[in-house]
Every structure is written in structure tokens, then in C-alpha cells.
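Peer 1: Pasting a structure below so you can have a look.
The values are calculated or read from the model by the stated rules, or taken from the named source; none is laboratory data. For clarity, every value in this text was computed on a predicted model and none was experimentally measured. Methodologically, a virtual Cβ is constructed for each residue, glycine included, from the backbone with ideal geometry; neighbour enumeration extends over all protein chains shown.
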Amino acid sequence: MSKIGIVSLGCSKNTVDAEMMLALLKGKGHEIVNDPDLADIIIVNTCGFIESAKEESINALLEMAEYKNKNCKLLIATGCLAQRYADDILKEMPEVDAVLGTGSYKEIADVINSANLGERQKRLGDINFKYTGSERVLTTPAYSAFLKIAEGCDNFCTYCVIPKLRGRYRSREIDDIIKEARALAKSGVKELIVIAQDTTRYGVDLYGEKKLAKLLERLSEIEGIEWIRVHYSYPEEIDDNLIETFKNNDKIVKYMDIPIQHCNDRILKLMGRRTTKESLVNLIKKLRREIPGIAIRTSLIVGFPTETEEEFLELCEFVKEAKFDRLGVFTYSKEEDTPAAKLKGQIPKRVKEARFRKIMKLQNKIHIEKNEEFIGKDLLVLVEGFDGTLYYGRSYRDSIDIDPKVYFGALSDIKAGDFVKVRINSCLDYDLAGEMLL
Amino acid sequence: MDIKDYGLKLVLKRKYSKKEFSDKLIKKGYEEDEVKKLVLHFEELGYLDDFDYAKRFVHDSVNLKKRGTRRIILELKAKGIPDEIIDGALSGEKICEPDTIKELILKQNVDLRDLKIREKVIRKLMYKGFRRLDIENVIKTLMEGGIL
């Protein structure tokens, strides 16, 4: 049996795939190691949907390839880059022994067996396979886990290649998800982070109607689960039923991640988005009215083909007014096999980058103002660790890995995974700081 | 075989970094202590010299294999060469990555106005250890200059 190391890049959906592969390998008797120096087999679970992600994945492959001069006997590429450019990887990187696409990651153990026999492997299975859960080895802290409720995407935004890499939208059966969530709770998970390419569409393909609200209700009934956080909610699919569920269920964290990408109607249409500025404004107002204190995260794309300076400034005004609690901004990445790549009027890189900097500067100011509003207030914090001086953790406003933290002093003994109340007394640049209340 | 004889056999065949040499002997079954002693001895005799090894490696990688600095650094690190020696070896070599990138692109003889082809060329060069930004800049210059 071998020692397996894995490097997983990109989004949380990819992380879940990596965790499933690790469980499959562990089940076959392999040992999972954290240090690539110790690994006989290294898996690089790649990301490949935008330029920067592709570069990061290639760099990771190069970096891990060097371990083949040491203990590593097999180097395997999986994930979106592998799905997208399997032949390329095999041609350009002789160090890679196997490439598994997004429809084949469950074949990992078999691939390792074949590659061990010296056969170079390429497996690109059906990306529209029926998506079901399976055991996982969590790579997140023991008290938090992602819960992937669907695979693929049916939105076909014109800039995005994901449907070609991950297939059509396929929801998992509710009972299958609940079973996994129960097992996670039993293993000590307190926070479930519900993910999919589009969580709000959950159920439509399987049950003929949206079932996210129903699913969240069922998840909230699971003993041991304290927080349920939802990511990737498409604005046009957020309905009154879902808002009511967020509002009335104490276990559902008052945090919504709604990738809107832009606000200008012409650009939204070109992006293939099914919403308008007016409906976005109304949705944000409604969410803030109905769910007081809700933290709204969004992501935007600047420099989409044909985006004029005026339209960009409109987006800046929108950001100023909407005052998002959390904001991720991407410069448009021209991706082959997408309709947007064929549009005339591509924006020069320097312009895209200038727009990126401008909007981030704007958001920094909003972020600090938002943080200052919390001084003197008490926040429930999920403890994550101790940095040598202060404890730190996340409030309802902070999701794992992508958001800031709350730092605090504490007199009593606490440990990672505990929930504590913290009175905020100051703002650090991005983070909040305070004292734990007894 | 006596460790010294085996070691000599190795260094006469090709250049080794100290780490590569040690790993090879340990894998062969020699004791770690005797390997360490031999490495020191061979170093004194000049049979093992990480700086010289790194210099030659950089020279060949840049001029023959046409590799980017990023990949060269990773490869040298994997061979156990310390960072300061890698830096020294790199600074001693005349490296002009844009020229190498240009040479490799022109050798492809493809239409880079086609996004699919351009991305393929960019990936090919990234696998060689060049940075995306540098590759894009060269492509831009070539296109603006009417060379492509």
C-alpha cells in the first residue's frame, strides 16, 4: 500500500472531490500523508476555469513533479484542468503518470493500480454522471465541512466554461444529502457549508421544483449541527420561500453569497445572466429588510468585453450604494470555448487591472465602515485557533478561508470548534478584535 | 563494492549534486554515516561541488532545454541545492527569458490570433517554467510588431 499526498486547488467543490478521492484511497488501505516529501503518490487536484487558476495548477504540477526525483513514484493530475487539457498535460509533462477528468475521480484507486503497472492513464469519463455522495476524508477543520448538494451547472453564463467541465446541473437526492450531513454531525462537524455551482437551483432537475429551503429545514433538524452556511445563491432564484427560511431558522447563518457579476443591464444580458439592475437592487433591499443584519457577499467581473468606462462607473456606484459586506472581484478572463471570448471589444489587460484596483479600493473603504459598525456589539464566534497572542475565529459574517476573522482575548480555556460570545472593541484592517464574554 | 569505489564509479559517469549522490548511495544500502564522510571527502577533492553543478545545470537548462527560471529553480531545489547557490548560479548565467519565449513561439509557426491555439502555446510554455504574464507580453510585442 502507498502513501498518498494531495494538493487540491480552486474552489470548495473541488475540495469535496479531493476529500472523496482520499476516502476511496484510504478505504483501499493507502495511507494519507500531508508532506509531499513522504508521499509515494502525489495527486494534484487542479482548477482550470480562468487564466490565473490554470497557471496556479500548472505551477503546482511542476512543483510536485520535482518530487519524482525523490520518493514519489506516481504523479496524478485530476480536476478541471485535467478534464480540459488532458492530452496537453500528458504531452508536455512526462512526469505525469495519469490524468483523471471530473467525471472519473471515483476511479482513482483503479488508476493507481494501472499506473503502478507502468501504464500511463487517461480517464475522461462522462461528466454528466449521476451525482451521489460518498465517504470523505475532511481536509477542513473537524468542526466545519462543505456539503456539496449538486454537481454541474445549467446557467451557461457566456464567460464561463464550467458546464463544459462539470456537466449539466444534477441535484443529489435529499435523503442522500441528509445521510451525509448526519454522518458529518456524528463525526463532530458543527458548521455545514452548503455548496454547488448554483445552490438555489437545487431540486429543479430532480423534483421539478426548487427545494433548497426544504433541504435547509431538514439539515437544521440534525442534532449537533449549529450553523448552516449557504454559498453560490443565484440572485434570480432567491424567492420569498427561501428568504422566509433564512429569516426564521436560527441555525441558518444570516449570510448570503450571491454572485451577481455586474449591475449594468446591457452587460448582464451579454453575460447571459437572467437578472437586471432593478431586480438586484430590489433583492438586496428586500434581504436587508427581511433579515436584519444579513451579511451579503458577492462577486463581480470587471473588464467584460465591451464594458465601457461609463458602465464600469455605474458598477462602482452600485457597489457604493449596495455596501456589500464581502466582495470578490475578478478581472474578466477570456476563455476558449465560451461565447464571450468571441465578442468584439475585448478590454485591454491594463484597463481591466485598473478597474479591478479601483473597485477594490472602493470596497476597502466600505469594508472598514462596515467593521466599525460592529464596535461595541457582541458576536457569536466559532473558535478556530490561537495565534500565540489572541484567539481567532469566525462570526456569522465570515465564511471559511475567504473572509476575515475575529480576534479576541479570553480568560477561560477554549478550544477550536467552541462557540463563544465576543464583544467587539476595535477593528484591525480587515478583521475585528474584541474580548470574549463569560 | 567498497563505498569509495562505487562513489567514484558514479562521479566519473556524470555530475551529481551532493544530495543526489547521498540519496543514491543510501538507496544502494550504504550506511548514512559512511555516506556523509564520503560526501565530505569528495567535496574536498572537488568531485562534488554543488555550485559548479548548479551552474552547469542552469546553463544547459537555459540554452539547451530552453526552460524558464521557475522550472529550473524547482528542479535544482529537488536536487537539494540551497537557495543561495541557486541564486548565484542563476545570476552567473545570461538569461533573457523574453528572447527564449520569442524563439519558442516563432518555432511553433502557428496562428496566435486563434484563442485556442494561443492558449495552447501559452500552456506549453508555462509547462516549461515561463510565467504567463511574460509569455503574454512577448506575444503582444510580436503581434504589435507585425511578426505574428
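Rundown of residues vs (1) at pLDDT below 95; (2) of a type in the set (G, A, S); (3) in a strand (DSSP E or B), yes/no style:
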position	(1), (2), (3)
A:E384	no, no, yes
A:G388	yes, yes, no
A:Y396	no, no, no
A:A416	no, yes, no
A:V420	no, no, yes
A:R423	no, no, yes
A:G434	no, yes, yes
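Peer 1: Need a quick list: helices (runs of 4 or more DSSP H) entirely within segment A:84-181 having at least 2 residues that are over 25 Å from A:K210 (Cβ atoms). It would help to see each step written out before you state the result.
Peer 2: Values: elements: A:86-92, A:108-116, A:162-166.
Correct list: A:86-92, A:108-116.
Peer 1: Next up: Can you tell me which residue among A:T308, A:T338 is of a type outside the set (A, V, I, L, M), more than 22 Å from A:K190 (Cβ to Cβ) and in contact (Cβ under 8 Å) with a residue 60 or more places away in the chain? Step through it out loud before you land on a result.
Peer 2: Numbers: A:T308 fails: in contact (Cβ under 8 Å) with a residue 60 or more places away in the chain.
Testing whether each residue is of a type outside the set (A, V, I, L, M), more than 22 Å from A:K190 (Cβ to Cβ) and in contact (Cβ under 8 Å) with a residue 60 or more places away in the chain leaves just A:T338.
Peer 1: (1) surrounded by fewer than 20 Cβ atoms within 10 Å (Cβ to Cβ); (2) under 30 Å from A:C427 (Cβ atoms); (3) touching a His at 6+ places or on another chain (Cβ under 9 Å): which one isn't true of A:L327, the others all being true?
Peer 2: Unmet for A:L327, out of (1) surrounded by fewer than 20 Cβ atoms within 10 Å (Cβ to Cβ); (2) under 30 Å from A:C427 (Cβ atoms); (3) touching a His at 6+ places or on another chain (Cβ under 9 Å): (1).
Peer 1: Within segment A:72-83, track down each residue that is out of contact with any Lys or Arg (no Cβ under 8 Å at 6 or more places or on another chain) and either assigned to a loop (DSSP other than H, G, I, E, B) or within 19 Å of A:L38 (Cβ to Cβ) (or both).
Peer 2: Within segment A:72-83, A:C72, A:K73, A:L74, A:I76 meet the criteria.
Quick grid of which residues meet (1) surrounded by 19 or more Cβ atoms within 10 Å (Cβ to Cβ); (2) touching a Leu at 6+ places or on another chain (Cβ under 6 Å):
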site	(1), (2)
B:E31	no, no
B:K36	no, no
B:F42	yes, yes
B:D60	no, no
B:R67	yes, no
B:G80	no, no
B:T100	yes, no
B:E103	no, no
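Peer 1: Filter segment A:283-321 down to residues that are surrounded by 19 or more Cβ atoms within 10 Å (Cβ to Cβ) and of a type in the set (G, A, S) and give me whichever is farthest from A:K254 (Cα to Cα).
Peer 2: A:G303
Peer 1: Being over 13 Å from the mean Cα position of the chain (by Cα), free of Cβ contacts under 8 Å to residues at least 60 places away in the same chain, within 14 Å of chain A (Cβ to nearest Cβ) and assigned to a helix (DSSP H, G or I) is true for just one of B:L40, B:L10, B:L104, B:L25. Which residue is that?
Peer 2: Working: B:L40 fails: within 14 Å of chain A (Cβ to nearest Cβ); B:L10 fails: within 14 Å of chain A (Cβ to nearest Cβ); B:L25 fails: within 14 Å of chain A (Cβ to nearest Cβ).
The unique qualifying residue is B:L104.
Peer 1: Would you confirm whether or not segment A:48-58 contains a residue that is away from chain B (no Cβ under 14 Å) and touching a residue at least 12 places away in the same chain (Cβ under 8 Å)?
Peer 2: Here is the first cut: in segment A:48-58, the ones away from chain B (no Cβ under 14 Å) are none.
No, segment A:48-58 contains no residue that is away from chain B (no Cβ under 14 Å) and touching a residue at least 12 places away in the same chain (Cβ under 8 Å).
Peer 1: Okay, next question. Read through the list (1) in contact with a Ser or Thr (Cβ under 6 Å, 6 or more places away or on another chain); (2) not in a loop (DSSP other than H, G, I, E, B); (3) not basic (K, R), then give the number of the only condition that A:Y255 fails.
Peer 2: (1)
Peer 1: Restricting attention to segment B:73-88, and to residues there that are more than 12 Å from chain A (Cβ to nearest Cβ) and closer than 17 Å to B:G129 by Cα, which single residue is nearest to the chain's Cα centre (by Cα)? Please lay out each step first, then the result.
Peer 2: Just the residues of segment B:73-88 that are more than 12 Å from chain A (Cβ to nearest Cβ), to begin with: B:82-88.
Among the residues that remain, those that are also closer than 17 Å to B:G129 by Cα are: B:86-87.
On the way: B:I86: 10, B:D87: 12 Å.
Out of the qualifying residues, it is B:I86.
Peer 1: Hey, among A:K320, A:K358, A:K352, which residue is within 13 Å of another protein chain (Cβ to nearest Cβ), in contact (Cβ under 8 Å) with a residue 24 or more places away in the chain and either outside any loop (DSSP other than H, G, I, E, B) or more than 24 Å from the chain's Cα centre (by Cα) (or both)? Break it down stepwise before answering.
Peer 2: Working: A:K320 fails: within 13 Å of another protein chain (Cβ to nearest Cβ); A:K358 fails: within 13 Å of another protein chain (Cβ to nearest Cβ).
Sole residue among the options that is within 13 Å of another protein chain (Cβ to nearest Cβ), in contact (Cβ under 8 Å) with a residue 24 or more places away in the chain and either outside any loop (DSSP other than H, G, I, E, B) or more than 24 Å from the chain's Cα centre (by Cα) (or both): A:K352.
Peer 1: I'd like to check something: does segment B:110-132 contain any residue that is in contact (Cβ under 8 Å) with a residue 40 or more places away in the chain and away from chain A (no Cβ under 14 Å)?
Peer 2: No, that holds for no residue.
Peer 1: What number of residues in segment A:12-40 are closer than 27 Å to B:L125 by Cα and out of contact with any helix residue (DSSP H, G or I) (no Cβ under 6 Å at 6 or more places or on another chain)? Give the derivation first.
Peer 2: The first filter runs over segment A:12-40 and keeps only residues closer than 27 Å to B:L125 by Cα, leaving A:14, A:36-37.
In the following step, the residues that additionally are out of contact with any helix residue (DSSP H, G or I) (no Cβ under 6 Å at 6 or more places or on another chain) were identified as A:37.
The qualifying residues number 1.
Peer 1: Those residues that are touching a strand residue (DSSP E or B) at 6+ places or on another chain (Cβ under 8 Å), outside any helix (DSSP H, G or I) and of a type in the set (G, A, S), I need them from segment A:187-225; list them, please.
Peer 2: Of everything in segment A:187-225, those that are touching a strand residue (DSSP E or B) at 6+ places or on another chain (Cβ under 8 Å), outside any helix (DSSP H, G or I) and of a type in the set (G, A, S) turn out to be A:A196, A:G203.
Peer 1: Which residues, counting only those in segment A:249-284, are more than 27 Å from A:T331 (Cα to Cα) and without any contact (Cβ under 8 Å) to a residue 60 or more places away in the chain?
Peer 2: Applying the first criterion (more than 27 Å from A:T331 (Cα to Cα)) to segment A:249-284 yields A:249-254.
If the condition is that a residue be more than 27 Å from A:T331 (Cα to Cα) and without any contact (Cβ under 8 Å) to a residue 60 or more places away in the chain, then A:N249, A:D250, A:K251, A:I252 are the ones that fit.
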